Amino acid sequence: MTSSPAHDDALAKRFEELRPHLRAVAYRMLGSLAEAEDAVQETWLRLSRSDPAEIDNLPGWLTTVVGRICLDMLRSRTSRREEPLEARPVEPVPGAPSDDAARAPAPEEEVLLADSVGAAMLVVLDRLTPAERLAFVLHDLFAVPFEDIALITERTPASARQLASRARRRVRGAETGPQPDLTRRHHIVSAFLNAARSGDFEALLEVLDPDVVARTDNGMAGALSAIHGAALVARQAATFAQFDQSAQLALVNGGVGVVARFDGGFRVMLFTIPDTRITQVSVVTTPPALANLTIHVP
């Protein structure tokens, strides 16, 4: 198949118009912006190898393809544990826009996309099987017909409908059950991180319990150092230069935490927030301790 440069440019332009939609689908499927962008780029690669003349409904075709790619990624994730701390680089695709700024979501886009889903929803979706998650996301969130979902999951439309129904019950059950208030904790940890980055002592005191305890492992197995009291913890937090640029919110063992690069490795901050203030901060740095954490970086 051959095509003119003008035709290729028009196809690339149309794909870029649909990229935000595809990224939104992939993010809700995968819960990771880096993986979502990988899935979108793979979708472009498959489109570039296809004959556009044979595609009657380009948005529908692309949604189906990105859904199938995400399903494969979810199945791979369940069959082998992946370390999500390192974002995989997105390889340039021939014919796709080569400007990294054009391919990658801007920081404000990432915030809007992540906030539109919410940490609580990501936790709930992670409890679904890959097929359930695909059926629920595509049908309930993006109105994809069950006939198309059936093709992706290699099931009948009736079976795809059952997948979505089962997922819907599990999502509703999780939402009404005694789940931690992740949205509230997300706001509190965000306030802590922003205050630590800016060195705002007073703002740190607002989110710290007066009797807060901060513990840090010191590189020796089982050895911890601790400081007590909001004033001391706030002063310590205000000097966390390593959490300035690299730090980002993450889901850690189902709760809201902070992950940051530090000294060639990673540091993870865990928070205990029983009500409106942080009562405990734990900083994890040693590889054995980090290996025991389930970390998901959006």
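By the gyration tensor of its Cα atoms, with a ≥ b ≥ c the square roots of the eigenvalues, what is the shape of the stretch 9-69: rounded for a/c under 1.5, prolate for a/b over b/c, or oblate?
On the way: a/c = 1.96, a/b = 1.76, b/c = 1.11.
Taking the square roots of the gyration eigenvalues as a ≥ b ≥ c, the stretch 9-69 is prolate.
Using the Karplus equation 6.51 cos²θ - 1.76 cosθ + 1.60 (θ = phi - 60°), what ³J(HN,Hα) coupling, rounded to whole Hz, does each residue of the stretch 281-295 give in order, writing x for Gly and Pro?
Per residue, the Karplus-derived 3J(HN,Hα) values read 10, 10, 9, 10, 10, 7, x, x, 5, 5, 5, 8, 9, 9, 10 Hz.
Calculate, for Ala158 and Ala10, the FRET efficiency according to 1/(1 + (r/R0)^6) with r their C-beta to C-beta distance and R0 45 Å; round to the nearest 0.05.
With a Förster radius of 45 Å, E is 0.70.
What ratio of Cα Rg to 2.2 N^0.38 Å holds for the stretch 247-298? Show your work: numbers first, answer last.
On the way: Rg = 10.9 Å, N = 52, 2.2 N^0.38 = 9.9 Å.
For the stretch 247-298, the normalised Cα radius of gyration comes out at 1.10.
Only the coordinates and a few stated rules stand behind these numbers; no lab work does. These figures come from a predicted structure and were not determined experimentally. All Cβ positions, even for glycine, are placed from backbone atoms using ideal geometry, and neighbour counts span all protein chains on display.
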